[in-house]
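Here's the structure we're looking at; comments come further down.
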Amino acid sequence: QVQLVESGGGLVQAGGSLRLSCAASGSIFRLNAMGWYRQAPGKQRELVAGFTSDGSTNYADSVKGRFTISRDNAKNTVYLQMNSLKPEDTAVYYCKAHTTTTMLRSLEVWGQGTLVTVSS
């Protein structure tokens, strides 16, 4: 099995920064596509930033120029650096990964979520 553990959420003022971390562990043979999603109250979960299987990145229009996704393949960890935070960034942020297990099974795994609150 594969687990994702997120950290780094919290309360910040508008204009501040946070860095979220997502560490994958378990029976991992390969990490494929990984990304960060968020869900605000009353809204659908949306993709914030992600790596595709070919290594390219995608960002939601609302975060382009402010957020940066990165990864440390040796640690099976993905990060989301969030700068110039706005109140509308307030949401629960989730890490998602597509993995190939050591048994060569394909799995989609979600983290538990970490709350980011941006005050005005």
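At a 1.4 Å probe radius, which order do VAL78, VAL5 fall into by accessible area, largest first?
VAL5, VAL78
Top to bottom by accessible area (1.4 Å), largest first, where do ASP72, ASP54, ASP89 land?
Of ASP72, ASP54, ASP89, the descending order of accessible area is ASP54, ASP72, ASP89.
Run the dipole for segment 15-120 about the Cα centre, Lys and Arg Cβ at +1, Asp and Glu Cβ at -1, nothing else charged, and hand back the magnitude in debye, nearest 20.
In total the dipole reaches around 100 debye.
On full extension of the chain, what length is gained from LEU115 through ASP72, given 0.36 nm per residue of separation minus the C-alpha to C-alpha distance?
13.2 nm
At a Cα cut-off below 17 Å, give the aspartates and glutamates reachable from LYS96, other chains included and same-chain residues fewer than 8 away excluded.
Of all the aspartates and glutamates, those that pass the test against LYS96 - Cα under 17 Å, at least 8 places apart if same chain - are GLU6, GLU46, ASP54, ASP72, GLU108.
Accessible area, 1.4 Å probe, largest first: how do ARG45, ARG30 sort?
Largest accessible area first, the residues go ARG30, ARG45.
Taking the alpha-carbon set of segment 46-89, what are its Rg and Dmax in Å?
Rg and Dmax of segment 46-89, Cα atoms, are 11.2, 34 Å.
Arranged from highest to lowest average of other beta-carbon atoms within 10 Å per residue, in what order do the peptides 90-103, 15-28 appear?
Order by mean packing, descending: 90-103, 15-28.
Could you calculate the FRET efficiency of GLN13 with SER62 from 1/(1 + (r/R0)^6), where r is the beta carbon distance between them and R0 is 30 Å, rounded to 0.05?
0.95
The values are calculated or read from the model by the stated rules, or taken from the named source; none is laboratory data. Keep in mind that what you see is a predicted model, and the values were worked out from it rather than measured. As a convention, Cβ positions derive from the backbone with ideal geometry for all residues, glycine included, and neighbour counts pool all protein chains shown. Quick note on the areas: whole protein, heavy atoms, side chains included, nothing else; ligands and nucleic acids left out. Shrake-Rupley method; radii C 1.70, N 1.55, O 1.52, S 1.80 Å.
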